[in-house]
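Notes follow the structure.
The values are calculated or read from the model by the stated rules, or taken from the named source; none is laboratory data. Nothing here was measured: the structure is a model prediction, and the numbers come from that model. FYI the Cβ positions are ideal-geometry reconstructions off the backbone, even for glycines, and counts take in every protein chain you see.
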Amino acid sequence: MTKSKLVAHLIITLLLFTSCDFNQQKLIYNQELDHSKEYQVILMAGQSNMVGLGEIKQLNNFNLPENISLFDYSADTDLHQLPYNFGPEVGLARRLNKEFPDTNFILIKYAIGGSSINEWLPTVESKIERPTDFGNIYGKFLEFSNTTLKNHNTTNLAFLWMQGETDTASNSTAKPYGTHLKLLIRNIRRDFNDPNLPVIIGEINPKSEQYKYVQTVQNAQHRINESVPNTYLIKTNTLEKFRDSVHYSSLGLLKLGDDFGNTINKIITQKGQAK
């Protein structure tokens, strides 16, 4: 290939690349932590509705508030990250900023689309066959969190869990869901050194025929909420979804985040942790 042809090829490639990103937009947020500041940490984990399929280009403001720092590792079922999509973190960040504009928050999100709760428990066999090996999700979540927070002045505020749709497809995963969720909560509280860490659970409600055991998982989530101290349940049955009746739309995710934020507002107010 001659030099002129090579230059022309590179120009065409660049144009194609930029045209593919036309009208695409990424969230703009802070990832620079200040050692002199105190931070309230919110841990976010789960599957696709925590990852989020909201389209960032539909937002009227692409910037998260300045007092919110976001560290996001989210991926689809093939472990591809989705840079132009958002989850409940946007609505959550807006609510936190509105209620506590002088408090600094760190949001740590680690979510894998399609993941079963079994795959979040290293001691539990997954029994789900898939072409992509998710690896040790829980171990990676801990590593990601600990690396992010290392040497900073932080207080763990809450753990947000939006997961369970995958486990409604089979009785073998739906039936032990309550036992496994209780184990996950125990692990989180142990590994983040807070036996009373508030846990906020987003209720699942997929309506596709593929998900036969929705009621079983929902019942388990309600039992956990009633029996395990410092757990909260977010109702999601009125949130707008896409046509698949499983994944929340951009509006649905904004409302989900806002609902998470309202619950955290209550937690902070009760603890008197607002700075």
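A single member of ILE137, ILE68, ILE108 is among the β-branched types (Val, Ile, Thr), in contact (Cβ under 8 Å) with a residue 60 or more places away in the chain and in contact with a helix residue (DSSP H, G or I) (Cβ under 6 Å, 6 or more places away or on another chain), and it is ILE108. Within the range 34-46, the only residue that satisfies the criterion of being polar (S, T, N, Q) and either closer than 13 Å to ASP72 by Cα or assigned to a strand (DSSP E or B) (or both) is GLN40. Just name the residue that is surrounded by the most Cβ atoms within 10 Å (Cβ to Cβ) out of those in the range 242-273 that are charged (D, E, K, R) and either closer than 19 Å to GLY164 by Cβ or touching a residue at least 60 places away in the same chain (Cβ under 8 Å) (or both). That would be ASP259.
Reported count of residues in the range 47-64, each being without any contact (Cβ under 8 Å) to a residue 60 or more places away in the chain, assigned to a loop (DSSP other than H, G, I, E, B) and surrounded by 18 or more Cβ atoms within 10 Å (Cβ to Cβ), is 1.
Taken over the range 71-96, the criterion of being part of a loop (DSSP other than H, G, I, E, B), of a type in the set (Asp, Glu) and closer than 14 Å to LEU53 by Cα is satisfied by ASP76 alone.
To keep it simple, each residue is scored yes or no on (1) of a type in the set (Lys, Arg); (2) surrounded by fewer than 21 Cβ atoms within 10 Å (Cβ to Cβ).
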| position | (1), (2) |
| --- | --- |
| LYS150 | yes, yes |
| THR155 | no, yes |
| GLN163 | no, no |
| SER172 | no, yes |
| LYS182 | yes, yes |
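Taking the condition in contact with a Gly (Cβ under 7 Å, 6 or more places away or on another chain), buried (at least 19 other Cβ atoms within 10 Å of the Cβ) and modelled with pLDDT of 95 or more, does LEU239 pass? Yes, satisfied.
Of all residues in the range 100-135, those satisfying the criterion of being among the β-branched types (Val, Ile, Thr), surrounded by 11 or more Cβ atoms within 10 Å (Cβ to Cβ) and part of a loop (DSSP other than H, G, I, E, B) are THR103, VAL124, ILE128, THR132.
One line per residue, one yes/no per condition, for (1) hydroxyl-bearing (Ser, Thr, Tyr); (2) at pLDDT 95 or above:
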| site | (1), (2) |
| --- | --- |
| PHE22 | no, no |
| LEU33 | no, yes |
| ILE42 | no, yes |
| SER48 | yes, yes |
| ILE56 | no, yes |
| LEU64 | no, yes |
| TYR73 | yes, yes |
| HIS80 | no, yes |
| ASN85 | no, yes |
